[in-house]
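The values are calculated or read from the model by the stated rules, or taken from the named source; none is laboratory data. Small disclaimer: the values here were computed from a predicted structure and weren't measured. All Cβ positions, glycine included, derive from the backbone under ideal geometry; neighbour counts span all protein chains shown. Areas reflect the complete protein model, heavy atoms only, side chains present, ligands, DNA and RNA absent. Shrake-Rupley method; radii C 1.70, N 1.55, O 1.52, S 1.80 Å.
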Amino acid sequence: MFHVVGPGTSNMGHVQRAWDHFRAVGSPRFLCAPMVDASELAFRLLVRRYGVQLAYTPMLHSLNFLQSPKYRDEHFTTCALDRPVVAQFCGNDPTTLVAAAKLVESQVDAVDLNLGCPQNIARRGRYGAFLQDDWDLVQRLVSALSTHCSVPVWCKIRVFPDEHKTLAYAKLIQDAGCSVLAVHGRTRDQKGNDPGPANWTMIRRIKEHLEIPVLMNGNIQSWADVQRGLAETRCDGVLAADRLLAYPALFSGREDNCIYALAREYLGIVEQYDPQTPARMIRGHLFRMLNADIRRDEDLRERLLGAHSVQGFAEAVLIAQRRAAEMPVVAAPLERVHGLGGSSRVDVSRGASQPQTYARPV
């Protein structure tokens, strides 16, 4: 049913252009994934200071982006320091997607089609991972963007449980005009606070099967995971989402950056480069960075919920750091204060449960 054509049969001109483009943006190894209400300009500028070599915008709803200037102003901002950058769009109508993408193509290095969002809102809107059921439409969406946009088209997908089907799907997307494919190694049913492990073997098979650059996504909780993921999948780069939100210096390769200093640095970037950043986005970042502090300090939670200015948020960060310094020195909380963490560490202040997700990686 799903005919898999072997490597070497694609349009070699397209493949060569894809690699030329990837090299032109620096052959990025470490990337900030697209995240709803979280990979906004200020956060992108922060993580670029700590090793991120390319960043995605938050997912942009193509119809809203096309029709609403207010939506565009709130959800898409950039500046000279914010390069290379990829604008990610979702949608299911080729004409709308192209029109939305053309509004930003002169300000970005590529546009990305979201084929991986597993959330219920994507099911209702028939976009993201729920386009997996209509391969003809996916082909038309990718082809339309590739044909009519002046910048290359990237795509981000999730895998199917079946390897044969996954490889055929990835090949269809490449042949439709995709220049870079990012693969989240989970299925669309693997979501929520305990989604289970991403399938790195499946990602590696896609990398072996395609001819364009392939990026991996999933199971990244530490710098060691970054190195191991690249080695095991042989991908050209790695995207991080949740762990990058909790520790924005993930890609620096260092685990001793003070999380409170990172939070203050983020607030300084907001103030300098994007003072119109919505308070909900700022609050979401601080909830993630200060997660352990908030879980043990209800007053801090209330302070963050009540803050609506950079100054108010900065005061809450200072209080969190002071209170942490007054705590008895024990191993796990000390690691959290210094921003350490990863798949092999346990923070007793979090308990056994997963931290609440404040932004949905897409």
Legend entry - For a label point 7 Å along the Cα-to-beta-carbon line of Arg23, residues of segment 188-225 with backbone N under 16 Å: 212-214
Inset, instruction - Please go through the residue pairs Lys156/Lys207; Lys102/Lys171; Lys156/Lys191; Lys171/Lys191 and name each one whose alpha carbons sit more than 22 Å apart in this structure. - result: Lys102/Lys171; Lys171/Lys191
Inset, instruction - Give the percent of DSSP beta bridges with both residues in the chain that are antiparallel, rounded to the nearest 5. - result: 5 percent
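Out of the total accessible area of segment 259-325 (probe 1.4 Å, heavy atoms of protein only), what percent is carbon and sulfur?
Working: 1380 of 2910 Å².
On segment 259-325, the fraction of accessible area on carbon and sulfur atoms equals 47 percent.
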Inset, instruction - Find how many whole Å separate the alpha carbon centroid of segment 197-236 from the alpha carbon centroid of segment 53-120. - result: 25 Å
Inset, instruction - Let me know the charge dipole size of segment 15-246 about its Cα centre in debye, to the nearest 20, where only the beta-carbon of Lys, Arg (+1) and Asp, Glu (-1) is charged. - result: 220 debye
Legend entry - Under the Debye formula (equal points on every Cα, no solvent term), log10 I(q)/I(0) of the chain at q = 0.06, 0.07, 0.12, 0.13 Å⁻¹: -0.21, -0.29, -0.85, -1.00
Inset, instruction - Report P(r) for segment 41-112: all Cα-Cα distances, bin width 5 Å, range 0 to the bin holding the largest distance, values in whole percent. - result: 3, 17, 29, 24, 15, 8, 3, 1
Legend entry - Cα lying deepest toward the dipole's positive end in the chain, options His285, Trp223, Ser68, charges on Cβ: Trp223
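About the Cα centre of segment 213-254, how large is the charge dipole given +1 on each Lys and Arg Cβ and -1 on each Asp and Glu Cβ? Please answer in debye to the nearest 20. Mind showing how you got there, number by number?
Details: 4 positive and 4 negative charges, 22 e Å.
With Lys and Arg at +1 and Asp and Glu at -1, about 100 debye.
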Inset, instruction - Calculate how steeply helix 163-175 sits against the longest principal axis of the alpha-carbon atoms of the chain, using the helix alpha-carbon long axis, and give the answer as 0 to 90 degrees to the nearest 10. - result: 80 degrees
Legend entry - Surface per residue (accessible, 1.4 Å probe) for the chain, Å²: 41 Å²
Legend entry - Angle in degrees between helix 12-24 and the longest Cα principal axis of the chain, rounded to the nearest 10: 20 degrees
Inset, instruction - Report the one residue of Gln276, Ile294, Leu305 whose Cα lies farthest in the direction of the positive end of the charge dipole of segment 259-325 (charges on C-beta: Lys and Arg +1, Asp and Glu -1; origin at the Cα centre). - result: Ile294
